[in-house]
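The values are calculated or read from the model by the stated rules, or taken from the named source; none is laboratory data. Keep in mind it's a predicted model, so treat the numbers as computed, not measured. Every residue, glycine as well, gets a Cβ built from its backbone with ideal geometry; the counts of neighbours run over all protein chains shown. These area figures cover heavy atoms from the full protein model, side chains too; ligands, DNA and RNA do not enter into them. Shrake-Rupley method; radii C 1.70, N 1.55, O 1.52, S 1.80 Å.
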Amino acid sequence: MYTVKKLSEISGVSVRTLHFYHEIGLLNPTKMEENGYRYYDDDKILELQQILFFRELGYKLKDIREIIRNPGFSIENSLEKQKKLLIVKKHRIQGIIDLIDKTISNIKGDNNMGHEEFFEDFSEEKLKEYTKRAKEEYGEEVVGKSVENFKKIYGKDYGKMQRQFIDWLNAMKENMDKGFDSPEIQTQVKKWHELINNIFDCPKETYMGLAYLYRDNEEFAVNFRKSHEKMPEFVFEAIQFYCSND
């Protein structure tokens, strides 16, 4: 049996998040003592792994709960399907990363992209292929008119968004002790979401994808750590909570 603290150490999921998963009936402890202590067995470790895999694929918490609580649910079958979806997602993300690099070069004037190139990894055929195999839709036109909108908002002042980012991080840092699900932090998470939405269409599914980049991509994470060592993980949890609640 593992305490919630030990499970947190093993999985990298914070104690607060594990408590939250219990509260919504997503991951229930194997047993719970009268003093409130939660204990988890090996089966719960596999169940938590499944939850994290589904989160990686963009599933909402309420949908994950329905899936793993289904009497016909099989972890082995689920892993096989998740592997296939993650491979598809891997190729799709790499295509979007390449497109972002080309778009950045275009903004800097290093190359001239044709209008159709802004959407080459968002073609209708590719969207249909991916959405057919994945539950969540990953094919929102993320690039869309982002370049045009960026220029409208910031003009040639490319440092303005950086200053906004620093101000936002400072506000997050000032309220870290209140928890990722606190009203103060959630207000800031919403504020950043709205700012991004002004540049490109950013539904919550896409915002959650950005949260993974903030935490897992070292080029992003290093900027967050300048504010606080644990800021990448904290921002991820805050956005995850925001995206999982209306």
Item to check | R16 accessible area, 1.4 Å probe, all protein chains in place, Å² to nearest 10 | outcome: 110 Å²
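What is the calculated FRET efficiency for N28 to L79, with r their C-beta to C-beta distance and R₀ = 25 Å, to the nearest 0.05?
Working: r = 21 Å, r/R0 = 0.85.
For N28 and L79, the calculated efficiency is 0.75.
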Next on the checklist: On a full-extension model of 0.36 nm per residue, what is the gain between L195 and D42, subtracting their alpha-carbon distance, rounded to one decimal in nm?
Outcome noted: 50.8 nm
Checklist entry - Separation between the K160 and I97 pseudo-spin-labels, each 7 Å from Cα along Cα→Cβ, expressed in nm? => result 3.1 nm
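Counting other Cβ atoms within 10 Å, keep those with at most 13, restrict to DSSP loop, and tell me which GluC sites (Glu not before Pro) in segment 19-79 are left.
Working: sites: E23, E33, E34, E47, E56, E66, E76; in loops: E33, E34.
When the GluC sites (Glu not before Pro) of segment 19-79 are filtered for loop state and at most 13 Cβ neighbours within 10 Å, E33, E34 remain.
Of the listed pairs K90/K230; K62/K191; K178/K230; K173/K230; K81/K204, which have alpha-carbon separations greater than 21 Å here? Write down the numbers at each step before the final one.
Working: K90/K230 26 Å; K62/K191 24 Å; K178/K230 14 Å; K173/K230 10 Å; K81/K204 24 Å.
From K90/K230; K62/K191; K178/K230; K173/K230; K81/K204, over 21 Å: K90/K230; K62/K191; K81/K204.
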